[in-house]
1. Can you report the number of residues in the range 142-185 which are β-branched (Val, Ile, Thr) and loosely packed, with under 15 Cβ neighbours inside 10 Å?
2. Of everything in the range 183-195, what is at pLDDT below 90 and among the polar types (S, T, N, Q)? Give them in sequence order.
3. Every residue in the range 148-176 that is modelled with pLDDT under 90 and not in a loop (DSSP other than H, G, I, E, B), please.
4. Could you pull out the residue among ILE42, ILE65, ILE27 that is over 22 Å from TYR118 (Cα atoms) and touching a residue at least 60 places away in the same chain (Cβ under 8 Å)?
5. Of all the residues that make up the range 187-211, how many are touching a Leu at 6+ places or on another chain (Cβ under 9 Å) and either among the charged types (D, E, K, R) or under 17 Å from VAL165 (Cα atoms) (or both)?
Amino acid sequence: MYKYIIIDNEQLSVNILENHLKDNSDILKVGVFHSPFDALDILKNGDVDFVFISFTSTKSNIIDIIRTVNLDTLPLFITMSTDKMDIFKINSSLNVVDFLEVPIDFQKLSQSLRKIDYMVSIRKELNGETNQGKDYIFIKVDKKKVRLKYDDILYIESVKDYVSVVTNKNSYLVYSTLTNFTKNLPEDRFMRTHRSYTVSLPNIVSIEGLFMGIGNVRLPFSKKYQDIIRDRLFIDV
């Protein structure tokens, strides 16, 4: 499953795009933003695989905005505009996969998503991030590799230049960023819920306000993830 966001200040365009995408179970919407500046944090955290971004969402140069995203976590972009001449403003060296003229045609959108699927899958294979058929991960602790089953992992916490991988019985300190460690986990089981935490969705036992119960601890989660968590856990509002 690939995660995406929409950056567009035209609500009608957003509604049309969401309607086109509503039955696609292979992708997960993380959020909608009216300005790219509102989305910079989630982009730089590496929380999404691709982005729909409209030329009308900002008065700034859209190319300069795309370049501000951390190159290590740069997602793929699908640009959108009512002016088809905007396609010539896109630099081919950027991670811009396609251009969609607004109003968006469903068939053209489907072609764009196929390009996204191909590009993201190639990236994951090159980075060794495929998890199909696996129920475990090897982590490097000191000088040895430790095998952990996904079922046993409760959450992962960012600790300066390390992450703490917490299980029911132990915790392991691994030299990694939370973003990079999370990328190596299956997306259907684990989710970034805070700048400091990635959690195991099957191990969430309660939700209260902006806190979740996992094992014997209560962890905070960011408000921007509230609706996504409810959707992933099938919680009725």
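The values are calculated or read from the model by the stated rules, or taken from the named source; none is laboratory data. The structure displayed is predicted, hence computed values, not measured ones. For neighbour counting, all protein chains shown are included, and Cβ atoms are generated from backbone atoms with ideal geometry for every residue, glycine included.
1. So the first thing to find is which residues in the range 142-185 are β-branched (Val, Ile, Thr), and the list is 146, 153, 156, 159, 163, 165-167, 174, 177, 179, 182.
Right, trim to loosely packed, with under 15 Cβ neighbours inside 10 Å and you get 146, 159.
Within the range 142-185, residues that are β-branched (Val, Ile, Thr) and loosely packed, with under 15 Cβ neighbours inside 10 Å number 2.
2. Passing the criteria: only ASN184.
3. TYR175, the sole residue that qualifies.
4. Working: ILE65 fails: touching a residue at least 60 places away in the same chain (Cβ under 8 Å); ILE27 fails: over 22 Å from TYR118 (Cα atoms).
That would be ILE42, the only listed residue that is over 22 Å from TYR118 (Cα atoms) and touching a residue at least 60 places away in the same chain (Cβ under 8 Å).
5. If we filter the range 187-211 for residues that are touching a Leu at 6+ places or on another chain (Cβ under 9 Å), which is where we start, we get 187-201, 203-204, 207, 211.
So of that shortlist, the ones also either among the charged types (D, E, K, R) or under 17 Å from VAL165 (Cα atoms) (or both) come out as 187-201, 203-204.
Residues flagged as touching a Leu at 6+ places or on another chain (Cβ under 9 Å) and either among the charged types (D, E, K, R) or under 17 Å from VAL165 (Cα atoms) (or both) within the range 187-211 amount to 17.
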